[in-house]
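Read through the structure below, which is laid out as structure tokens, and then see the notes.
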Amino acid sequence: RLIADVGGRTDDFVEQILLLKKDIKKAYVTDLCSFTTLSKNPKINFIVQSSSIKMPFAEKTIDTIILSMVIHHLRKKQQKEIIKNLTSYLKKKGKIILIEDTYPVRASFKGQDKITLDFLRFKSSDKKRILYFYDWFGNRLMRNRDNIPLFYNYKTMEEWKELFESYGMKQIKSEFVKWDRINPSIFPPKAIIVFQKIV
């Protein structure tokens with residue numbers, strides 16, 4: 001099995017996956033910038049992307065692609081282009097795991113904590129402004145990443161589903177991740193959405 005963490009920057013995430021899934025033969029971590037060090041894990045290769053929407057993978061070669069906190073930094077046209085390209089790299093029944101700052105339109109308020117409830121009660125435009133701020137704060141102030149674009153195209157969970165499914169993918173799992181008192185750094189609310197290639 002081959003996996004790729006697109007826009008992953010470091011091998012930390014993929015390392016954890018390899019510890020859990022011993023049957024993965026090779027893992028790729030891609031980014032637009034050059035990598036200063038090689039991974040110590042021989043299963044992991046760092047790859048510099050040729051552009052924000054293309055990766056140097058052959059068609060139908062990758063089993064699973066991870067998009068973690070990446071795609072909201074692309075313009076709407078680029079979002080469509082990258083999804084089209086990523087689906088072409090996937091093998092039959094390959095998967096894309098999308099991890100994004102987002103929220104459901106039709107949220108269930110039952111069982112939510114106060115912070116998540118407060119967030120969900122804002123109108124959609126205000127929710128997106130909150131996400132903008134957290135992204136700017138995290139990338140510019142906390143991590144000093146000056147090469148991250150400061151424009152955002154956030155979508156609701158329903159909008160991500162519609163977009164990916166328009167490119168031959170099917171949503172097979174979707175989970176809204178609310179605020180966690182033990183791990184408060186996961187706020188703002190995120191979603192993990194898994195899509196599978198159907199064509």
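Ignoring ligands, DNA and RNA, what percent of the accessible area of the range 1-43 is carbon or sulfur (1.4 Å)?
58 percent
Mind pulling up the Rg/Rh value for the range 55-109? Radius of gyration and Kirkwood radius, both on Cα.
Values: Rg = 13.2 Å, Rh = 12.5 Å.
In the range 55-109, Rg relative to Rh is 1.05.
Which ³J(HN,Hα) values in Hz, rounded to whole numbers, follow from the phi angles of the range 44-57 under the Karplus curve 6.51 cos²θ - 1.76 cosθ + 1.60, where θ = phi - 60° and Gly and Pro get x?
Result, rounded to whole Hz: 9, 10, 8, 10, 8, 6, 6, 7, 6, 10, 10, 10, x, 10.
Tell me, Kirkwood radius of the range 1-87 from alpha-carbon pair distances, in Å?
Working: mean 1/r = 0.0753 Å⁻¹.
This gives a value of 13.3 Å.
Label residue 60 and residue 25 with points 7 Å out from Cα along Cα→Cβ: what is the distance between them in nm?
Between residue 60 and residue 25, the label points sit 1.7 nm apart.
For the range 3-18, what does the Karplus curve 6.51 cos²θ - 1.76 cosθ + 1.60, with θ = phi - 60°, yield as ³J(HN,Hα) per residue in whole Hz, taken in order and with x for Gly and Pro?
Residue by residue, the range 3-18 yields 10, 9, 9, 7, x, x, 6, 10, 8, 4, 5, 5, 4, 5, 5, 5 Hz.
Provide the gained length on full extension for the span residue 16 to residue 38, in nm with one decimal, where the gain is 0.36 nm per separating residue minus the Cα-Cα distance.
On the way: separation 22, 0.36 × 22 = 7.92 nm, distance 1.68 nm.
Value of the extension gain: 6.2 nm.
Amide H to amide H under 5 Å from residue 26: which residues, 5+ apart in sequence or cross-chain, H placed 1.01 Å off N in plane?
3
For the range 74-89, take each phi angle, set θ = phi - 60°, evaluate the Karplus expression 6.51 cos²θ - 1.76 cosθ + 1.60, and give the result in whole Hz per residue in order, putting x for glycine and proline.
9, 5, 4, 5, 5, 4, 5, 5, 5, 5, 4, 5, 4, 5, 6, 7
Pull up all non-local amide H partners of residue 7: gap of 5 or more, or a different chain, and H-to-H distance under 5 Å with H placed in the peptide plane.
Residues meeting the amide H criterion: 30, 31.
The values are calculated or read from the model by the stated rules, or taken from the named source; none is laboratory data. Because the structure is a prediction, the values reported are computed rather than measured. For neighbour counting, all protein chains shown are included, and Cβ atoms are generated from backbone atoms with ideal geometry for every residue, glycine included. Just so you know, the surface numbers come from the protein's heavy atoms only, side chains and all, with ligands and any DNA or RNA stripped out. Shrake-Rupley method; radii C 1.70, N 1.55, O 1.52, S 1.80 Å.
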